[in-house]
Amino acid sequence: MQPQADPFIVPKCLDDINVLFRDEHILVIDKPSGLLSLSGKHPLNIDSVHYRLVQDYPTCALIHRLDFGTSGIMLLAMNKQINALLCKQFSERRVSKRYTALLHGNLEPDSGLVDCGIAKDVDNFPLMKLCQDTGKPAQSQFRVISRFIQTDNDNFFLDDTRAGHRHVTRVEFEPVTGRTHQLRLHSQHLGHPILGCDLYATNEAYFMSSRLMLHASRLCFEHPVSGVPMIIESKSPF
C-alpha cells in the first residue's frame, strides 16, 4: 500500500533562513515560523529547512527539529561522524535549550516546574496527550518574564487594564526532557496555552495570534570536535 500524501498543504514561507554560526563541522541556523523542518510527503510540501540547506550544504543533516510554527535555533551536522557525536550529546541530555513563549491569560506563579508525562493520543493522530500513567516522563521549567495586555490590533501594553483587552504572559521555558509537543502541552496543563497554537489552545488563544508564539531562543552544547562550550542565542521576534 502506498503511503498517503499529507492532507494539509503548507502555505508558502517567504522568510529566509538566517545562519547564526558555521564551520566545517556544524551549522546553526535561525528557522522562520511557517517553515517545515523536513519536507512532507506531499510534493507541494517540499519546501523545508533541510530542502533549502542541502542546496548549499549537500551533506548537512538535522540533529533535531522544530515544529512548523515554531521559530528559532536549529543545529545541523556537516557529516555523518559529527551527526553521531551531536546526537550522543542530545541523548545524554548534555544539551540545554531555552524558549520564549506568549501564553494566554495571566500566569500567576513567577516560576515553577511542570512535571507531567506525555503519550501518543492514538485516537487523535498526530496529537499527543498528558498522561502520568502511560506517558513518558516530561519536565519543563518556566519563568515569567513579563505580563502584558493584548489589544484587538495586536499591540501590547504593560499594566493596561482597560475592559475588553486580553491578558498575556511572556515566559521563558527550559525543557528538561524533549518530548513531542512538550511545551505546548505543558502550557495547556498550566491552564495558559501558547497563543496561536492550532493543536492545544482554546479558540480565543488560537485566534489571538497569526502564528504560534514559540521561539527557540538559546541553545547550549559542546562543539563536537574542539569540545568548546557553544552558546547560541536568537532574539525572539515577538
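Applying the criterion of being within 22 Å of ASP198 (Cβ to Cβ) and in a helix (DSSP H, G or I) to the residues of the range 21-63, the residue that is farthest from the chain's Cα centre (by Cα) is LEU44. A single entry from ALA201, ALA216 fulfils the requirement of being over 23 Å from SER96 (Cα atoms), of a type in the set (Gly, Ala, Ser) and modelled with pLDDT of 95 or more: ALA201. For the range 75-107, a tally of residues being free of Cβ contacts under 8 Å to residues at least 60 places away in the same chain and within 26 Å of ARG211 (Cβ to Cβ) returns 1. Filtered by the rule that a residue be in contact with a Ser or Thr (Cβ under 8 Å, 6 or more places away or on another chain) and in a loop (DSSP other than H, G, I, E, B), the range 105-116 gives GLY105, ASN106, LEU107.
Each residue in the range 84-104 was checked for being outside any loop (DSSP other than H, G, I, E, B) and either touching a helix residue (DSSP H, G or I) at 6+ places or on another chain (Cβ under 7 Å) or surrounded by fewer than 19 Cβ atoms within 10 Å (Cβ to Cβ) (or both), and 12 pass. Considering the range 117-144, the residues that are touching a Pro at 6+ places or on another chain (Cβ under 9 Å) and either in a loop (DSSP other than H, G, I, E, B) or aromatic (Phe, Trp, Tyr) (or both) include one that is farthest from MET213 (Cα to Cα), namely GLY117. For residues that are over 21 Å from LEU212 (Cβ atoms) and over 19 Å from the mean Cα position of the chain (by Cα), scanning just the range 1-20, find the one that is modelled with the lowest pLDDT. It comes out as MET1. Can you report the number of residues in the range 92-123 which are over 19 Å from ALA216 (Cβ atoms) and either modelled with pLDDT of 95 or more or under 20 Å from the mean Cα position of the chain (by Cα) (or both)? Matching residues across the range 92-123 total 17. In the range 169-209, which residue that is in a loop (DSSP other than H, G, I, E, B) and among the hydroxyl-bearing types (Ser, Thr, Tyr) is nearest to ILE118 (Cα to Cα)? The extreme case among them is THR180. Right, HIS42: in contact (Cβ under 8 Å) with a residue 12 or more places away in the chain, farther than 24 Å from ILE232 by Cα and surrounded by 13 or more Cβ atoms within 10 Å (Cβ to Cβ) or not? Yes; evaluated as a whole, the condition is true for this residue.
The values are calculated or read from the model by the stated rules, or taken from the named source; none is laboratory data. Since we're looking at a predicted model, the values are computed, not measured. Every residue, glycine among them, receives a Cβ derived from its backbone with ideal geometry; neighbour counts consider all protein chains shown.
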